[in-house]
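Undergrad: Would you mind keeping the following structure in view while I ask a few things?
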Amino acid sequence: MLTIGQLARAAGSTAKTIRYYEHVGVLPRAPRNGSGYRQYSRADVDRLMFVRRARALGLSLVDLKALVGDLEGERCAAMRPRLRALVSDQLRLVHQRIDELRSLERELAEIHQRLMMMTDTR
């Protein structure tokens, strides 16, 4: 069993984040030992890593709560279409951001070139 601090270190998170995720229902509430301390397993590390990756993809807490609920209910097959749709949406947004960044890069390169030419003529 792991303490909340050990779980946080293992998953690259913080105890505060873990407590928040438990509070909003993204992570199930951890069982407690006789002293009242939360106890976590290795499976909780994997679950927290999944949540962190999903959040990094931009999934909302509402979507995550539904997905984690499906995982808890062991309905992984039922979860796949929803997860695929969420990931597809995020992928589309990433491609859009890349296009916008490429456009900005071209504009900045043009401005930089003009500034270099101005400096060279003086």
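The values are calculated or read from the model by the stated rules, or taken from the named source; none is laboratory data. Nothing here was measured: the structure is a model prediction, and the numbers come from that model. In this analysis, Cβ positions are derived from the backbone assuming ideal geometry, glycine residues included, and neighbour counts consider all displayed protein chains.
Undergrad: From the set of residues in region 1-33 that are in a helix (DSSP H, G or I) and of a type in the set (Gly, Ala, Ser), which is farthest from Asp63 (Cα to Cα)?
TA: The selected residue is Gly5.
Undergrad: Find the residue count for region 57-77, including only residues that are at pLDDT 80 or above, surrounded by fewer than 16 Cβ atoms within 10 Å (Cβ to Cβ) and part of a loop (DSSP other than H, G, I, E, B).
TA: Going through region 57-77 one residue at a time, the tally reaches 1.
Undergrad: Residues in region 34-48 that are surrounded by 17 or more Cβ atoms within 10 Å (Cβ to Cβ) and either closer than 21 Å to Asp63 by Cα or among the small types (Gly, Ala, Ser) (or both): how many?
TA: 4
Undergrad: For Asp46, state whether it is within 17 Å of Gly25 (Cα to Cα) and modelled with pLDDT of 75 or more.
TA: In short, yes.
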